[in-house]
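All of the numbers you see were taken from the coordinates with simple rules; none came from a lab. Everything numeric here is computed off the predicted structure, so don't read it as measured data. Cβ coordinates were reconstructed from backbone atoms using ideal geometry, including for glycine residues, and neighbour counts include every protein chain displayed.
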Amino acid sequence: MIAALTAALSLAAVQTPAAEAPPVQPIRASKIILVGDSTTAVVGGWGPSFCAYHVTSFAACVNLARGGRSSGSYVAEGSWDLALSEMSTPGFAATYVLIQFGHNDQPGKPGRSTDLATEFPANLKRYVVETRARGATPILLTPLVRRQFVDGRLQNDLAPWAEAVRAVAAETNTPLVDLNRASAETVQALGPALSARFAQAAPSPEVAAALLTGTTIASSTGVLAVPGAPTPTTQNNAAVEPLGQARVSFDYTHVGREGADFFSALVTRDLIEAVPPMRRLLIP
C-alpha cells in the first residue's frame with residue numbers, strides 16, 4: 001500500500017509542470033557625461049558630488065571635465081574626442097552630455113583664451129552639433145560663479161560668458177542649466193564670509209579678515225598637494241606643474257566638499273526642470 005502511494009505521488013510530480021520563472025526584463029540604463037573645466041572636475045568642482053549623490057544606479061555618470069581647460073583647448077588636446085567615444089558606447093538607452101566652460105576662456109589664459117564674440121560661441125555650437133550627431137542629448141551650463149566681492153557686492157566677472165552660453169542655448173534649442181545665475185544668487189545672499197565655506201580650504205587670517213569687510217583680496221595661503229596625485233615633473237631643474245593639476249587651496253573659484261554638495265544639488269534641481277526625461281535618473 002505504501003509502495004503504491006509513493007509511486008502515485010512520484011508519477012504526479014513528474015506529470016505536474018514546474019512553474020515557469022518570470023521573464024527577465026532587460027535593463028534600460030542611461031549615461032551622463034560631464035564635460036568642462038576644474039569647476040566641474042574632481043578635486044575642485046561640483047561634478048564628483050553630482051555623480052556620487054544625485055545619480056541613480058540606472059545611469060552611468062562619467063566625469064570627463066579637466067582642470068585648466070577652455071572650450072577651445074579641451075578640443076585641441078583630444079579630450080573632446082574621448083567624450084565623443086563615450087557617447088558612442090552601445091547598450092545605453094539614452095546619453096546626456098553636460099557641458100560647462102567659461103573660466104579658462106577668459107582673457108589672460110595663454111593658449112586657452114577664446115574670443116567671447118566669435119570663438120567661444122562657435123566652440124559651444126560645435127559641442128552641441130557633434131553631441132547630437134552621436135545620438136546624445138547636449139545640455140549647456142553657464143559657468144559657476146566666482147565668489148569675489150567689493151563692498152559686499154558680488155563681482156560676477158563671468159556674466160558675459162554666461163550670457164553667451166544662454167544665447168547659444170536659445171539659438172540651438174539646447175536645454176540650459178543656468179548655474180551662473182543660481183550660484184550668483186546664492187553667493188550674494190550669503191556674502192563673502194559665509195560663502196567662503198564653499199572653498200577647498202580655510203582662508204588665511206589676512207584673507208579671512210578681508211572677507212569680514214565685504215571686499216575680497218588675493219589669497220596668500222599655501223597650496224597643499226592632493227594625496228596620491230602625480231608629482232610635478234622637472235624641466236631645466238625647475239618644477240613644471242601639469243596643466244590643471246588637482247590641488248587643494250583656498251580661492252574664490254574652486255569648491256571643496258561642502259561647495260560641491262551644495263552646487264551639485266543646484267545643478268540637479270535645475271536639470272530636472274530643464275530636461276524632464278532625466279527626472280527618473282536623478283536624486284534631488
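Run the quick spin-label model on Phe58 and Ala167: label points 7 Å from Cα toward the beta carbon, then report their separation in nm to one decimal.
Going by the 7 Å Cα→Cβ label model, 4.0 nm.
Compute the distance from the alpha-carbon center of region 153-179 to that of region 75-109, in whole Å.
18
Calculate, in nm to one decimal, what Thr215 and Arg132 gain on full extension: separation in residues at 0.36 nm each, minus their alpha carbon distance.
Here the segment from Thr215 to Arg132 would lengthen by 25.5 nm.
On a full-extension model of 0.36 nm per residue, what is the gain between Leu190 and Ala202, subtracting their alpha-carbon distance, rounded to one decimal in nm?
2.7 nm
If each residue of separation counts as 0.36 nm, what is the full-extension length gain between Arg280 and Arg181 once their alpha-carbon separation is subtracted?
33.1 nm
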